[in-house]
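As structure tokens, the structure follows; a few thoughts come after it.
The values are calculated or read from the model by the stated rules, or taken from the named source; none is laboratory data. Model, not experiment: these values are computed from the prediction. With ideal geometry, Cβ positions are generated from the backbone for all residues, glycine too; neighbour counts draw on all protein chains shown. Accessible surface areas use protein heavy atoms only, side chains included; no ligands, DNA or RNA. Shrake-Rupley method; radii C 1.70, N 1.55, O 1.52, S 1.80 Å.
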Amino acid sequence: MSLQLGDIAPDFETDSTEGKIRFHDWIGNGWAVLFSHPKDFTPVCTTELGEVARLKPEFEKRGVKVIGLSVDPVSDHRRWAADIEETQGAALNFPLIGDPERKVSNLYDMIHPNANDTLTVRSVFVIGPDKKIKLTITYPASTGRNFDEILRVIDSLQLTAKHQVATPVNWQHGDDVIIVPAVSDEDAKKKFPQGWKAVKSYLRIVKQPQ
Ligand code: BEZ
């Protein structure tokens with residue numbers, strides 16, 4: 001069965017462009033994004049990795065480490081890094097796992113045989129400080145991901161882990177949020193003393209807690 005939200009992200013030891021990594025130790029006490037791409041020296045993947053390198057300060061601001069993976073060996077990742085820097089104007093600044101034996105790819109179900117039986121799809125796992133999986137997204141090889149969306153989801157995950165709120169459609173950091181239904185109006189008065197707008201009894205809009 002594939003990994004589901006709330007499962008512990010499986011631990012593993014692997015080779016990467018930044019040396020041997022034991023995954024849970026590497027994550028430490030913060031958040032992590034583990035993402036796969038299908039193949040080195042391919043166009044969409046080149047643009048994605050450049051973008052993740054450019055966005056690294058945004059991930060760091062949120063206490064998130066980022067790590068990529070493909071079934072190519074680390075030696076290929078290292079050669080490809082020069083192309084990424086040359087074409088995307090951003091040097092690889094996070095580790096890339098080399099997984100030619102498909103150890104991690106299989107552990108995380110990143111190979112979808114009916115799409116391609118040898119290459120990883122574009123999987124994304126967001127992992128919390130408790131090492132549990134908070135989010136999974138899967139894109140096909142033909143579609144590059146929107147990493148701004150991944151940052152947006154991380155903002156929501158981190159906010160909703162701390163406060164009893166949920167984020168509405170198309171929410172962006174700083175927008176109003178929703179008081180979760182599990183909080184009674186009585187409890188909501190204590191948690192949100194500034195008040196809220198009840199559009200319906202179950203749809204209570206409140207300013208984003210800081
Ligand atoms: C790409 O990154 O462009 C790509 C990789 C594998 C299959 C198709 C496209």
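Can you name the residue in region 108-136 that is of a type in the set (A, V, I, L, M, F, W, C) and closer than 16 Å to residue 6 by Cβ and, of all such residues, is farthest from the chain's Cα centre (by Cα)? Walk me through how you get there before you give the answer.
From region 108-136, those of a type in the set (A, V, I, L, M, F, W, C) are 110-111, 115, 119, 121, 124-127, 133, 135; that's our starting set.
From the residues that got through so far, the ones that are closer than 16 Å to residue 6 by Cβ too are 125-127, 133, 135.
Details: 125: 5, 126: 4, 127: 7, 133: 10, 135: 7 Å.
Top of the filtered list is 133.
Residue by residue, here is whether (1) within 21 Å of the chain's Cα centre (by Cα); (2) over 25 Å from residue 13 (Cα atoms) holds:
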position: 31; (1), (2): yes, no
position: 54; (1), (2): yes, yes
position: 58; (1), (2): yes, yes
position: 64; (1), (2): yes, no
position: 78; (1), (2): no, no
position: 87; (1), (2): no, yes
position: 95; (1), (2): yes, no
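So which pairs qualify, if the first residue must be in region 85-102 and polar (S, T, N, Q), the second must be open to solvent by 40 Å² or more (accessible area, probe 1.4 Å), the Cβ gap must be under 6 Å, and the two must be at least 6 apart or on different chains?
Once the first residue is polar (S, T, N, Q) and sits in region 85-102, its partners that are open to solvent by 40 Å² or more (accessible area, probe 1.4 Å) give 93/56.
Are there any pairs with C-beta distances below 6 angstrom linking a residue in region 28-55 that is free of Cβ contacts under 8 Å to residues at least 60 places away in the same chain and within 16 Å of the ligand (Cβ to nearest atom) to a residue that is among the hydrophobic types (A, V, I, L, M, F, W, C) and not in a helix (DSSP H, G or I), with the two at least 6 apart or on different chains, and if so which?
Partner pairs satisfying both residue conditions: 50/90; 53/90; 53/92.
Going by what's in this entry, would residue 147 be described as open to solvent by less than 50 Å² (accessible area, probe 1.4 Å), of a type in the set (A, V, I, L, M, F, W, C) and under 16 Å from residue 64 (Cα atoms)? First the steps, then the outcome.
Working: open to solvent by less than 50 Å² (accessible area, probe 1.4 Å): yes; of a type in the set (A, V, I, L, M, F, W, C): yes; under 16 Å from residue 64 (Cα atoms): yes.
For residue 147, the condition - open to solvent by less than 50 Å² (accessible area, probe 1.4 Å), of a type in the set (A, V, I, L, M, F, W, C) and under 16 Å from residue 64 (Cα atoms) - is met.
Considering every residue within region 178-188, establish whether at least one is closer than 21 Å to residue 44 by Cα, acidic (Asp, Glu) and open to solvent by 60 Å² or more (accessible area, probe 1.4 Å).
No, that holds for no residue.
Select the strands (runs of 3 or more DSSP E) contained entirely in region 114-208, then report the ones holding at least 1 residues which are within 16 Å of the ligand (Cβ to nearest atom).
Values: elements: 122-127, 133-139, 177-179, 197-200, 203-206.
Output list reads 122-127, 133-139.
Conditions: (1) buried (at least 18 other Cβ atoms within 10 Å of the Cβ); (2) away from the ligand (no atom under 16 Å from the Cβ). Residue 103 meets all but one. Number of the miss?
(1)
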